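Input: a single structure, listed below in C-alpha cells.
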Amino acid sequence: AQTVTQSQPEMSVQEAETVTLSCTYDTSESDYYLFWYKQPPSRQMILVIRQEAYKQQNATENRFSVNFQKAAKSFSLKISDSQLGDAAMYFCAYRSAWQGGSEKLVFGKGMKLTVNP
Amino acid sequence: DSGVTQTPKHLITATGQRVTLRCSPRSGDLSVYWYQQSLDQGLQFLIQYYNGEERAKGNILERFSAQQFPDLHSELNLSSLELGDSALYFCASSGRLAGEQYFGPGTRLTVT
C-alpha cells in the first residue's frame with residue numbers, strides 16, 4: 001500500500017520570505033500523480049499543484065513550485081514571497097495512475113503553516 | 001469555488017440516528033469520491049463512484065453506504081451513528097481521465 005509522510009507538523013515563515021514543505025512517499029508503482037492541497041481555516045480543500053511522475057520537469061504555479069525527486073520518493077513544495085493568505089494546513093497526496101485501480105488520494109497527515117507579518 | 005457542492009454544511013444529530021449527505025459534482029465530472037477527515041484518522045478515502053457505479057472502496061464502515069444517481073449527484077448515508085463518526089465529510093469530483101480531484105466545502109457532522 002502507498003503511504004505519504006509529512007514529518008514536520010508545523011512551520012512558520014515571515015511574510016515575503018520563502019518556505020519549503022517536505023513530503024516523502026512510498027510506492028512500488030512507477031506511474032502516479034502527486035499533489036499538494038491547501039486547507040485554510042475555512043476547511044475548504046484547495047488544489048495547489050500537481051506533478052506527474054513520468055515528467056522530469058518540476059511543476060510550477062505562480063509562487064508555488066515543487067522539487068520532485070523520484071528516486072528518493074520526495075516531493076517538496078516551495079512557496080516564494082509568502083503571503084498572509086498562505087497560512088493554512090498543507091497536505092501532500094498520492095494517486096496511482098493505473099487506470100484499472102482505485103483513483104483514491106492517499107494523504108499525509110498535513111502540516112500547519114503560519115505566516116508572520 | 002471548486003464547482004462541487006455539498007449539503008448540508010453542518011449537521012448535528014444524536015447517537016443511533018441516520019443521516020444523508022449530498023454532493024453534486026462539477027459539471028461534466030463522472031467520478032465522485034467521498035473522504036472523511038477526523039482529528040485522529042486524518043483524511044481517509046471512503047468510496048468512489050464512476051458514472052453511477054461503485055468503482056473503489058476504502059475504509060468505509062458497513063454502517064455507511066453511498067450511491068450515485070443518474071444525474072451524477074451522490075449521497076452518503078451514515079446510520080447507527082456513533083460519537084466517533086463526528087468528522088468533516090468531503091466529496092470530490094474529477095474528470096474522466098484527469099488526475100485532479102476538486103473538493104466540495106464539506107459537511108461537518110457532529111454526533112452527540
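The values are calculated or read from the model by the stated rules, or taken from the named source; none is laboratory data. Note that the structure is a prediction, hence the values are computed from the model and not measured. Every residue, glycine among them, receives a Cβ derived from its backbone with ideal geometry; neighbour counts consider all protein chains shown.
Would it be correct to say that residue B:26 is under 10 Å from the mean Cα position of the chain (by Cα), surrounded by 12 or more Cβ atoms within 10 Å (Cβ to Cβ) and away from chain A (no Cβ under 11 Å)?
Numbers: under 10 Å from the mean Cα position of the chain (by Cα): no; surrounded by 12 or more Cβ atoms within 10 Å (Cβ to Cβ): yes; away from chain A (no Cβ under 11 Å): yes.
Criteria not met by residue B:26.
So if I check each of B:104, B:3, which one is loosely packed, with under 15 Cβ neighbours inside 10 Å, touching a residue at least 40 places away in the same chain (Cβ under 8 Å) and small (Gly, Ala, Ser)? Spell out the reasoning first.
Details: B:104 fails: loosely packed, with under 15 Cβ neighbours inside 10 Å.
Sole residue among the options that is loosely packed, with under 15 Cβ neighbours inside 10 Å, touching a residue at least 40 places away in the same chain (Cβ under 8 Å) and small (Gly, Ala, Ser): B:3.
Looking at (1) within 10 Å of another protein chain (Cβ to nearest Cβ); (2) crowded, with 20+ Cβ neighbours inside 10 Å; (3) in contact (Cβ under 8 Å) with a residue 12 or more places away in the chain, which one does residue A:38 not meet, given that it meets all the others? Condition not satisfied by residue A:38: (1).
Yes or no, residue by residue, for (1) acidic (Asp, Glu); (2) farther than 23 Å from residue B:94 by Cβ; (3) touching a Cys at 6+ places or on another chain (Cβ under 9 Å):
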{"site": "A:37", "(1), (2), (3)": "no, no, yes"}
{"site": "A:41", "(1), (2), (3)": "no, yes, no"}
{"site": "A:44", "(1), (2), (3)": "no, no, no"}
{"site": "A:54", "(1), (2), (3)": "no, no, no"}
{"site": "A:88", "(1), (2), (3)": "no, no, no"}
{"site": "A:102", "(1), (2), (3)": "no, no, no"}
{"site": "A:105", "(1), (2), (3)": "no, no, no"}
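Among the residues in the range B:9-18, are any within 14 Å of chain A (Cβ to nearest Cβ), outside any loop (DSSP other than H, G, I, E, B) and closer than 21 Å to residue A:102 by Cβ? Within the range B:9-18, none of the residues are within 14 Å of chain A (Cβ to nearest Cβ), outside any loop (DSSP other than H, G, I, E, B) and closer than 21 Å to residue A:102 by Cβ.
Cβ-Cβ distances below 8 Å connect the following pairs, each with a first residue in the range B:58-73 that is touching a residue at least 40 places away in the same chain (Cβ under 8 Å), a second residue that is assigned to a loop (DSSP other than H, G, I, E, B), and a separation of six or more residues or different chains: B:72/B:25; B:72/B:29; B:72/B:30; B:72/B:51; B:72/B:52; B:73/B:25. On the given criteria, is residue A:78 under 13 Å from the mean Cα position of the chain (by Cα) and farther than 12 Å from residue A:21 by Cα? Spelling it out, it is not the case that residue A:78 is under 13 Å from the mean Cα position of the chain (by Cα) and farther than 12 Å from residue A:21 by Cα. Give me the residue from the range A:1-33 that is at pLDDT 95 or above and within 11 Å of another protein chain (Cβ to nearest Cβ) and, out of that set, nearest to residue A:111 (Cα to Cα). So the residue we want is A:6.
For the range B:55-107, which residues satisfy the criterion of being assigned to a strand (DSSP E or B) and closer than 18 Å to residue B:17 by Cα? Before you say what the answer is, go through the steps one by one.
Taking the range B:55-107 first, the residues assigned to a strand (DSSP E or B) are B:55-57, B:64-68, B:74-78, B:87-94, B:102-103, B:107.
Once the filter is applied, which keeps residues that are assigned to a strand (DSSP E or B) and closer than 18 Å to residue B:17 by Cα, the range B:55-107 yields B:64, B:65, B:66, B:75, B:76, B:77, B:78, B:87, B:88, B:89, B:107.
Among the residues of the range A:93-112, those that are in a loop (DSSP other than H, G, I, E, B) and among the small types (Gly, Ala, Ser) comprise A:97, A:100, A:101, A:102, A:108, A:110. Residues in the range A:42-92 that are within 12 Å of chain B (Cβ to nearest Cβ) and in a loop (DSSP other than H, G, I, E, B) were compared, and the one that is surrounded by the most Cβ atoms within 10 Å (Cβ to Cβ) is A:45.
Can you spot a residue in the range B:31-54 that is part of a strand (DSSP E or B) and acidic (Asp, Glu)?
Quick first cut of the range B:31-54, residues part of a strand (DSSP E or B) only: B:31-38, B:42-50, B:53-54.
Narrowing further to those that are acidic (Asp, Glu): B:53-54.
Yes, because at least one residue in the range B:31-54 is part of a strand (DSSP E or B) and acidic (Asp, Glu).
For the range B:74-101, a residue qualifies if it is away from chain A (no Cβ under 14 Å) and touching a residue at least 60 places away in the same chain (Cβ under 8 Å), and the qualifying residues are B:78, B:79, B:80, B:81, B:82, B:83.
Identify, please: which residue in the range A:94-117 is more than 18 Å from residue A:76 (Cβ to Cβ) and small (Gly, Ala, Ser) and is, among those, nearest to the other protein chains (Cβ to nearest Cβ)? Checking each candidate, the answer is A:102.
Does residue A:19 satisfy the condition of being under 13 Å from the mean Cα position of the chain (by Cα) and either of a type in the set (Ser, Thr, Tyr) or more than 30 Å from residue B:54 (Cβ to Cβ) (or both)? Yes.
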